[in-house]
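Asker: Below is a structure I'd like to ask you about.
Any read-out appearing in this document is the output of simple, stated calculations on the displayed coordinates, not a laboratory observation. Being a predicted model, the structure only gives us computed values, none of them experimental. In this analysis, Cβ positions are derived from the backbone assuming ideal geometry, glycine residues included, and neighbour counts consider all displayed protein chains.
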Amino acid sequence: MCYCITLKGQNLSGTLPPELVNLRYLQNLDLSRNFLSGNIPREWGSMEQIQNISLLANRLTGSIPKELGNISTLTTLTVEDNLLSGRIPEELGNLSSIERLFLNSNYFTGELPPSFANLITVKEFRIGDNNFSGKIPNFIGEWTLLKNLRIQASGLEGPIPASITRLASLSDLRISDLRGPVTPIPSFANQSFKNL
């Protein structure tokens, strides 16, 4: 039985194999910092035990397949620093166990799905360096476990929702380059930040 595949920085090329779905007990898949290209296989949405998928720093294109929203066991999804584009599928709001969702440094467009309001387990959320549109959604202020929020140059507009100031666990907040008119910054007087 195979529980873990870690092939970071191995100069791998080619495309991601859909057949990994046949590894029924796979829990951790880390293919970061390679030269992998092509699309993320929609078949991966049938992985039954997977907890971590890290595809950081490759050359992946296309959009995130909506089928990934079926993975109820997934705690970490990292697609940071690729060439992915399109809208974020509404179905990702079904990731009932997600703790870390890193979508930064791609070419994603559109608004963040309203279904993301359901991601109440998320602790780290990064969407910077993209082409999103719309305002920073108020539902982020309902993510009570959130510790790390990064929205630098995401394409989103202000204002910063006042509800974010009530997130007691938030220790790392990075927001910059918001589109639209300049708006007042809410008071974070009661927060203890490591990075702001």
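Asker: Can you list residues from other chains, or at least 5 along the same chain, whose modelled amide H is less than 5 Å from the amide H of Glu157?
Answerer: Residues meeting the criterion, in which the H sits 1.01 Å from N, are Gly134, Lys135, Ile136, Arg179.
Asker: Report the one residue of Leu77, Asn94, Met47 whose Cα lies farthest in the direction of the positive end of the charge dipole of the chain (charges on C-beta: Lys and Arg +1, Asp and Glu -1; origin at the Cα centre).
Answerer: Value computed over the given set: Leu77.
Asker: Here's another thing I want to ask about it. To the nearest 20 Debye, how big is the dipole of the stretch 29-143 about its Cα centre, given +1 on the beta carbon of each Lys and Arg and -1 on that of each Asp and Glu?
Answerer: Details: 9 positive and 13 negative charges, 42 e Å.
Rounded to the nearest 20 debye, it is 200 debye.
Asker: Could you give the distance between the Cα centres of the stretch 1-52 and the stretch 124-173, to the whole Å?
Answerer: Going from one Cα centre to the other spans 29 Å.
Asker: Let me know the charge dipole size of the chain about its Cα centre in debye, to the nearest 20, where only the beta-carbon of Lys, Arg (+1) and Asp, Glu (-1) is charged.
Answerer: Details: 17 positive and 17 negative charges, 76 e Å.
Value, rounded to 20: 360 debye.
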